[in-house]
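Okay, structure first, notes after.
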There are 2 protein chains.
Amino acid sequence: MELTYREAAAADLERLVQLLADDLLGASREDVSQPLNPRYTQAFASIEADPNNELIVVESGGELAGMLQLTFIPYLSHTGASRCLIEGVRIAKTYRGKGLGSKFIEWAIERARGKNCSIVQLTSDKQRPDALRFYQALGFTASHEGFKLRL
Amino acid sequence: MELTYREAAAADLERLVQLLADDLLGASREDVSQPLNPRYTQAFASIEADPNNELIVVESGGELAGMLQLTFIPYLSHTGASRCLIEGVRIAKTYRGKGLGSKFIEWAIERARGKNCSIVQLTSDKQRPDALRFYQALGFTASHEGFKLRL
């Protein structure tokens, strides 16, 4: 399985929204109607314009197989350590259980290292027990509670 | 108790590092030596240069009483919802237990609303049971595991 990684392009947007929607939790929160909800194109433009945000896709045999977003954040704490936040990790259903997710996260960790981050962090919904095991197997420690507040 | 909120300035940096160090977990990870470790000044400059990062201090009677950092992040998920990430919340010891922390987080939530964020999120170390109760009382839901990986 040969994988390639690149930043998402505007032409990927429709496929990315499908990927977000094709998910236990995403099904009820995304909008796959056509034409594409302008909130998605606006969000994509904001991500693209921000040098500290990278929306990354992984391709296998030329097919878009997964996505995630990296945010690089400078902090004072831990003696001025930058961190990399990973969010929105999605693997297309046909590519699950094949080790692609692990390779994708390992790639993201290397990217964080290349950006001089000292900590990689992410939150994972407690309704996803497989994901929790997955991140622990990759060396992540569930040391924190992940709090959310919807406005 | 009259509180004022403002972005941190370079002149606050020494005090902010003291605040980070005067903490159960921070004591072992911060460097309060003089002159200030240049990693702090570099991190501060990076935060100041990034329009999506705001290092906020709260003052009471002209005295710096607390700090936190806000990061505004555009995402595709939740139909293109921006989020506000809160990190590095610290309240000076003499100001704890007086409701200042709640007012500070409520201020941060309003700031997130003003920046059109749909979700406010944060992680809190499981070694801080008081903090966990504090965020729940403010309406946050501990729906996620917070994973960290030190590089």
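The values are calculated or read from the model by the stated rules, or taken from the named source; none is laboratory data. Keep in mind the model is a prediction, meaning the values are calculated, not measured. Here Cβ is always computed from backbone atoms with ideal geometry, including for glycine, and neighbour counts include all displayed protein chains. Just so you know, the surface numbers come from the protein's heavy atoms only, side chains and all, with ligands and any DNA or RNA stripped out. Shrake-Rupley method; radii C 1.70, N 1.55, O 1.52, S 1.80 Å.
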| Packing-wise, with mean Cβ within 10 Å as the measure, how do A:11-24, B:20-33 rank, highest first? | A:11-24, B:20-33
| Residues with beta-carbon under 12 Å from that of B:Ala92, excluding B:Ala92: net charge, scoring Lys, Arg +1 and Asp, Glu -1? | +1
| field | Cα-only Debye scattering, segment A:111-151: base-10 log of I(q)/I(0) at q = 0.19 Å⁻¹ | value | -0.69
| field | Only Lys, Arg (+1) and Asp, Glu (-1) charged, at Cβ; segment B:3-151 dipole about Cα centre in debye | value | 440
| note | Taking B:Lys115, B:Lys103 and ranking on accessible area (1.4 Å, protein atoms only), highest first, one gets B:Lys103, B:Lys115
| remark: Summed over the other residues with a beta carbon less than 13 angstrom from that of A:Asn116, with K and R at +1 and D and E at -1, the charge totals +4
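Full extension from B:Ser143 to B:Leu24: what is 0.36 nm times the residue separation minus their Cα-Cα distance, to one decimal in nm?
Taking B:Ser143 through B:Leu24 to full extension adds about 40.3 nm, to one decimal.
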| field | Average other protein chain Cβ within 10 Å of Cβ, residues B:91-104 | value | 0
| message | I'd like the accessible area for B:Arg90, computed on protein heavy atoms only with a 1.4 Å probe and all protein chains in place. Round to 10 Å², please. | response | 30
| What's the percent breakdown of Cα-Cα distances in the protein assembly as shown across 10 Å bins, shortest bin first? | 6, 27, 36, 21, 9, 1, 0
| task | Return the FRET efficiency for the residue pair B:Phe134, B:Leu36: r is the Cβ-Cβ distance, R0 is 35 Å, and the value is rounded to the nearest 0.05. | result | 0.70
| At a 1.4 Å probe radius, carbon and sulfur cover how many percent of the accessible area of segment A:23-151? | 50
| query | At A:Arg113, with labels set 7 Å past Cα in the Cβ direction, how many nm apart are the copies from this one, shortest first? | reply | 4.4
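At 222 nm, what value in deg cm²/dmol follows for chain A if DSSP H runs of at least 4 each add -39500 (n - 2.57) and the sum is divided by all its residues, to the nearest 500?
Per the formula, -9500 deg cm²/dmol.
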| note | Expressed per residue, the solvent accessible area of the protein assembly as shown in Å² (1.4 Å probe) is about 44
| message | Using the basic label-point model (7 angstrom from Cα toward the beta carbon), what is the A:Thr4 to B:Leu151 distance in nanometres? | response | 2.5
| request: Please compute how much accessible surface disappears when A pairs with B, both sides summed, using a 1.4 Å probe, and round it to the nearest 100 Å². | output: 5900
| field | Part-to-part distance (alpha-carbon centres) for segment A:14-50 and segment A:92-151, which is given in Å | value | 20
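Need one value for B:117-125: mean number of C-beta atoms belonging to other chains within 10 Å of its residues' C-beta atoms. Mind dumping the intermediate values first?
Working: counts 2, 3, 4, 5, 8, 7, 9, 5, 3.
Going residue by residue through B:117-125 and averaging, the value is 5.
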